[in-house]
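Step one of this worksheet: look at the structure below.
The values are calculated or read from the model by the stated rules, or taken from the named source; none is laboratory data. The structure presented is a predicted model; accordingly, all values stated were derived computationally and were not measured. So basically every Cβ, Gly included, is an ideal-geometry build from the backbone, and we count neighbours across all protein chains shown. Surface areas here come from the heavy atoms of the whole protein model, side chains and all, with no ligands, DNA or RNA. Shrake-Rupley method; radii C 1.70, N 1.55, O 1.52, S 1.80 Å.
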Amino acid sequence: MLTARDLSPGRRFERAGPLMVQAAFNDFGALLGTDAPIHVDPDYGAGTVYGGTIAQGMLLLAPVETWLCDLFGREAWHGSGGLKATMLGPARAGERGAMVLTVRSVAAGRVTLDLSISRAGTLLIAGEVSIMVP
């Protein structure tokens with residue numbers, strides 16, 4: 001796991017996000033009650049400006065938590081982690097996002113990172129992560 005000594009402003013981490021699939025949109029919607037047709041009805045989605053169904057925003061963010069636990073440890077993430085994010089664009093079934101974390105600052109054990117999730121050069125999510133590290 002990473003410590004403050006491993007991090008400096010500008011250091012960048014990249015990871016491919018999972019492939020977005022209709023079954024995940026449906027399962028996520030059923031689990032959380034987010035069954036809006038833009039997410040779960042391919043016929044409806046085909047008639048929208050998106051040309052198909054799109055992932056729920058939180059479904060796009062879900063893999064970030066696992067990644068942060070991998071980088072910093074579950075205890076650090078669950079004990080001191082914070083995430084702010086803005087949804088900027090859609091991810092359709094069949095697409096895969098690229099996740100990037102870039103260290104903005106390290107001070108007194110608190111690391112602040114910029115988060116981006118994009119696909120094919122289009123920014124889908126922009127955000128900030130903050131976590132205490134040893």
Residues 111, 106: which one is aliphatic (A, V, I, L, M), open to solvent by less than 20 Å² (accessible area, probe 1.4 Å) and under 26 Å from residue 3 (Cβ atoms)? 111
Quick check: is even one residue across region 117-129 within 18 Å of the chain's Cα centre (by Cα), open to solvent by less than 20 Å² (accessible area, probe 1.4 Å) and at pLDDT below 95? no
When you look at residue 94, is it surrounded by fewer than 18 Cβ atoms within 10 Å (Cβ to Cβ), touching a residue at least 12 places away in the same chain (Cβ under 8 Å) and either at positive phi or charged (D, E, K, R) (or both), yes or no? yes
Restricting to region 67-103, name every residue that is farther than 20 Å from residue 5 by Cβ and of a type in the set (S, T, N, Q). 86
For the structure I just gave you, tell me whether residue 57 is touching a Lys or Arg at 6+ places or on another chain (Cβ under 6 Å), open to solvent by less than 40 Å² (accessible area, probe 1.4 Å) and farther than 15 Å from residue 129 by Cβ. no
Those residues that are closer than 17 Å to residue 63 by Cβ, at pLDDT below 95 and loosely packed, with under 11 Cβ neighbours inside 10 Å, I need them from region 17-48; list them, please. 31
Provide a single number: the residues in region 10-31 that are assigned to a helix (DSSP H, G or I) and in contact with a Pro (Cβ under 8 Å, 6 or more places away or on another chain). 2
